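The values are calculated or read from the model by the stated rules, or taken from the named source; none is laboratory data. Just so it is clear, the model here is predicted, and its values are computed rather than measured. Cβ coordinates were reconstructed from backbone atoms using ideal geometry, including for glycine residues, and neighbour counts include every protein chain displayed.
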Amino acid sequence: MNKKYKPVIAVAVLVILVAILGIVTHVVMKYIPSSEKMDLNEYGSFILEETQNLLAIDSPSGMTKKAAEHVMTRFEALGYAPQTTRKDGVLVCLGGRDRENGLLLEAHMDTLGGMVCQIKANGRLKITPIGGLRAENVETENCRVVTKFDGVIEGTAQLINASTHVNEKYADTQRTFDTVEIVLDEPVADAEDVKKLGVRTGDYVCFEPRTRVTQSGYIKSRFLDDKLSVGILLGYAKYLKDEQITPERAVYVHVTSFEEVGHGGSASVPAGVTEAISVDMGCVGEGLTCDERMVSICAKDSGGPYHYDVVRGLIAAAEKMGAPYAVDVYPRYGSDVEATLRAGYDIRHGLIGSGVYASHGYERSHVEGALATLKTLIGYVG
């Protein structure tokens, strides 16, 4: 070989090697997520904003149409084609190559609430709970009575004879829905006055969420169970679009509408789905190891153990992504994915979610817990 060509050839080989290295690096960075690769903090503010917007829409179980319409518009804004289900849920495909080994991610937008079951002679309302609503958790809370045809009327949940300066049994009275009633913010003196406002038995009573986000990253609100998880799944959908990622397996999201009463995930499972994961609130409390800044991976709840391989896979994903996590057994809990199993679907199942303190009360979580959940999903699915 002519010596004068050797430097040229050496440079050409070097250029080719650099190009190959660049291609390999691009492939690795694109298809093998890791905590070192990504700074996902920008998704934290997105998740919290989406959560707050959804929390502002009343959606107790069975009255979720407005919330569903909002969730539809948010997925559409990200470039997806969601559909509504007959039960006013939202179903959307996030893409994926293998349609015979699909993954369904389930979160719910329905919340606890109340329903008018009696208009009392004194113009107060007796309510029956929707889901696990407890009287002691809504006493003194502002609420809205949604009439069937005559708009919304404001009120407050109060103990009967609520003044401590009058009621000497105030402290000793057990709080139940026999002793806590709805006082309407209208000049009503009897049942007829209330009926003239359009209030009737069967009207929904929606409670003020009182959403606040602190400078330290905590989010406090009623109904973080499970609207925070809907925000997280919107964050995951945005991540896939931003990074132009097509998952190896088909990934679907089902935002359900009847989880709090037990049958949210019982239908609308797309063909080819072999696995479903509920993205719901993680339990925080005595005897458990999770806190609000972690993702909780549930090994077992009231419905029994979750699929062993799914639990292992979620733990591995959290560790790969550097997401703070805890594995816990929930003593009093049920999830959408268990409703899916009870409906007869032959699938593997799992449950994860950001740690939420004071569940079914005035709940609290943290943006870091939301991000840890997002990272775990990315590590598990891609």
Does segment 245-253 include one or more residues that are within 21 Å of residue 298 (Cβ to Cβ) and aromatic (Phe, Trp, Tyr)? yes
Before we move on, is residue 122 outside the structural domain of residue 57 (by TED's automatic domain parsing), touching a His at 6+ places or on another chain (Cβ under 7 Å), at pLDDT 95 or above and not hydroxyl-bearing (Ser, Thr, Tyr)? no
Sole miss for residue 177 among (1) under 30 Å from residue 50 (Cα atoms); (2) outside the structural domain of residue 362 (by TED's automatic domain parsing); (3) not hydroxyl-bearing (Ser, Thr, Tyr) is condition (1)
So residue 154 fits all but one of (1) assigned by TED's automatic domain parsing to the domain that holds residue 273; (2) in contact with an Asp or Glu (Cβ under 9 Å, 6 or more places away or on another chain); (3) charged (D, E, K, R); (4) part of a strand (DSSP E or B); what number is the exception? (1)
Against the conditions (1) in contact (Cβ under 8 Å) with a residue 60 or more places away in the chain; (2) more than 23 Å from residue 339 (Cα to Cα); (3) not assigned by TED's automatic domain parsing to the domain that holds residue 332, where does residue 97 fall short? Just the number, please. (3)
Pick from segment 72-86, criterion under 22 Å from residue 53 (Cα atoms) and of a type in the set (D, E, K, R), ranking: surrounded by the most Cβ atoms within 10 Å (Cβ to Cβ): 74
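Return yes or no: is residue 213 surrounded by fewer than 23 Cβ atoms within 10 Å (Cβ to Cβ), at pLDDT 95 or above, under 23 Å from residue 362 (Cβ atoms) and among the β-branched types (Val, Ile, Thr)? Break it down into steps so the answer makes sense when it comes.
Working: surrounded by fewer than 23 Cβ atoms within 10 Å (Cβ to Cβ): yes; at pLDDT 95 or above: yes; under 23 Å from residue 362 (Cβ atoms): yes; among the β-branched types (Val, Ile, Thr): yes.
Answer is yes for this residue.
Taking the residues in segment 161-187 that are in contact with an Asp or Glu (Cβ under 6 Å, 6 or more places away or on another chain) and assigned to a loop (DSSP other than H, G, I, E, B) as candidates, determine which candidate is farthest from residue 61 (Cα to Cα). So that I can check it myself, show each step before the final result.
Filtering segment 161-187 for residues in contact with an Asp or Glu (Cβ under 6 Å, 6 or more places away or on another chain) gives 175, 180, 185.
Then drop every residue that is not assigned to a loop (DSSP other than H, G, I, E, B), which leaves 175, 185.
Numbers: 175: 23, 185: 24 Å.
Among residues in segment 161-187 that are in contact with an Asp or Glu (Cβ under 6 Å, 6 or more places away or on another chain) and assigned to a loop (DSSP other than H, G, I, E, B), the one farthest from residue 61 (Cα to Cα) is 185.
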Result of the Cβ filter at 6 Å on segment 116-142, keeping first residues that are in contact (Cβ under 8 Å) with a residue 40 or more places away in the chain and under 12 Å from residue 175 (Cβ atoms) and partners that are in a loop (DSSP other than H, G, I, E, B) and among the aromatic types (Phe, Trp, Tyr), at least 6 apart or interchain, is 135/177
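So, restricting to strands (runs of 3 or more DSSP E) that lie completely within segment 188-267, which ones have at least 1 residues that are within 19 Å of residue 335 (Cβ to Cβ)?
On the way: elements: 204-207, 218-221, 249-256.
Where strands (runs of 3 or more DSSP E) fall fully within segment 188-267 and carry at least 1 residues being within 19 Å of residue 335 (Cβ to Cβ), they are 249-256.
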Being without any contact (Cβ under 8 Å) to a residue 60 or more places away in the chain and either surrounded by 22 or more Cβ atoms within 10 Å (Cβ to Cβ) or within 16 Å of residue 116 (Cα to Cα) (or both) narrows 203, 225, 185, 190 down to just 185
Residue selected from segment 93-114 under the condition surrounded by 21 or more Cβ atoms within 10 Å (Cβ to Cβ) and hydrophobic (A, V, I, L, M, F, W, C), by the criterion nearest to the chain's Cα centre (by Cα): 107
